[in-house]
1. Hey, can you tell me all the residues within region 191-245 that are of a type in the set (D, E, K, R), at pLDDT 95 or above and closer than 23 Å to residue 106 by Cβ?
2. Contact list please: Cβ distance under 7 Å, first residue in region 216-232 and closer than 24 Å to residue 185 by Cβ, second residue of a type outside the set (Gly, Ala, Ser) and part of a helix (DSSP H, G or I), pairs at least six apart or on different chains.
3. What do you reckon, is residue 300 surrounded by fewer than 20 Cβ atoms within 10 Å (Cβ to Cβ) and modelled with pLDDT under 95?
4. Inspect region 215-225 for any residue being out of contact with any strand residue (DSSP E or B) (no Cβ under 9 Å at 6 or more places or on another chain) and closer than 22 Å to residue 170 by Cβ and give the result as yes or no.
5. Being in contact with a helix residue (DSSP H, G or I) (Cβ under 8 Å, 6 or more places away or on another chain) and assigned to a loop (DSSP other than H, G, I, E, B) is the filter here, so list the residues in region 268-293 that pass it.
6. Search region 166-179 for residues that are of a type in the set (S, T, N, Q) and buried (at least 20 other Cβ atoms within 10 Å of the Cβ) and pair each with any residue that is modelled with pLDDT of 95 or more and assigned to a strand (DSSP E or B) when their beta-carbon atoms are under 9 Å apart and the residues are at least 6 apart or on different chains.
7. Hey, can you tell me all the residues within region 20-51 that are more than 31 Å from the chain's Cα centre (by Cα), among the acidic types (Asp, Glu) and farther than 16 Å from residue 64 by Cα?
Amino acid sequence: MLTTADLTFFATIARTPSLAAAARVLDVTPSAVTQRLQELERRVGVRLLERRGRRPTLTAEGELLATRGQAIGDELEALAEALAQRRGVVAGHLRVLAPFGFGRRYIAPVAAAFCRAHPDITLDLALSESVARVPDHSWDVAVHIGGEPHHSLRAEQLAPNARWLVASPAYVAQHGAPETPDALRSARCIALRENDEDVTLWRFTDGAGRTTQVRVRPALASNDGDVVREWALAGEGVIVRSEWSVHDDVAAGRLVRLLPDFALPAADVVAFVGARRGRSARTTAFVARLRDAFQRVPWRT
């Protein structure tokens, strides 16, 4: 006899690269996962996972259980949600994905407020250095900054967000402010490596719509936006950074905008809803809460 707990457990096994990874998701020890899997195989009478090699693979029976089990789990989840709607409540488990810095500063407070407003909701907020690399089956709502990484899903814009070229006053005093984008070729630049973008090719558009591309040679680079910002504040060089991240520093005079008459490609804040969650009441409600939170754009008020 299979239970819904069995289906949930094996779905985790199926979508993670190893039993150790499944154990981390389930918050148990790897040995506990192995024992539970063996017990499940004993009860169904077939092997579900081939354990040869570094990465276990599903058997044909395992594929069947994972596929059919996922469908049954979705149906049960939809039924539970429909019953909750009859009671006039938003309920269920919501998985939200967001970038590290932006997620900590802006999405975490919205998530906490959403759960306070809907006590029957449980929410898991995952922060990632590269939202685009996280498969869409592992989240219900993803907040992304910049281009669209999930072309098959509709993006809903939450807030405008420009990119600014900035440096510290100390850096400008020592090296001078660039008068044209081409001057950056010899400047001390800092690169932020994110979203698989070509981070050393900086594109500028002037007021007449003419575009200039500059290939910079970064003296420093990091995949952490806070590190890049701290380097800029310390006078280490010039950075391209999202408006939301450096607006307060510019307003306080800790950083200075450079080439303000040239626009960099925008990095608007958007939300994606996972393909299986498009009609979910809880995802609809959460996206609506996000829209309300950014109706008055925090970095422009």
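The values are calculated or read from the model by the stated rules, or taken from the named source; none is laboratory data. Just so you know, these numbers come straight off a predicted model, no measurement behind them. In this analysis, Cβ positions are derived from the backbone assuming ideal geometry, glycine residues included, and neighbour counts consider all displayed protein chains.
1. 229, 230, 241, 243
2. Correct list of pairs: 216/184; 216/185; 220/231; 222/228; 229/246.
3. Criteria met by residue 300.
4. No, every residue in region 215-225 fails to be out of contact with any strand residue (DSSP E or B) (no Cβ under 9 Å at 6 or more places or on another chain) and closer than 22 Å to residue 170 by Cβ.
5. 274, 280
6. Between residues of region 166-179 that are of a type in the set (S, T, N, Q) and buried (at least 20 other Cβ atoms within 10 Å of the Cβ) and residues that are modelled with pLDDT of 95 or more and assigned to a strand (DSSP E or B), the close pairs are 168/256.
7. 39
Rundown of residues vs (1) without any contact (Cβ under 8 Å) to a residue 40 or more places away in the chain; (2) of a type outside the set (A, V, I, L, M), yes/no style:
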position	(1), (2)
184	no, no
187	no, no
198	yes, yes
204	no, yes
207	no, yes
213	yes, yes
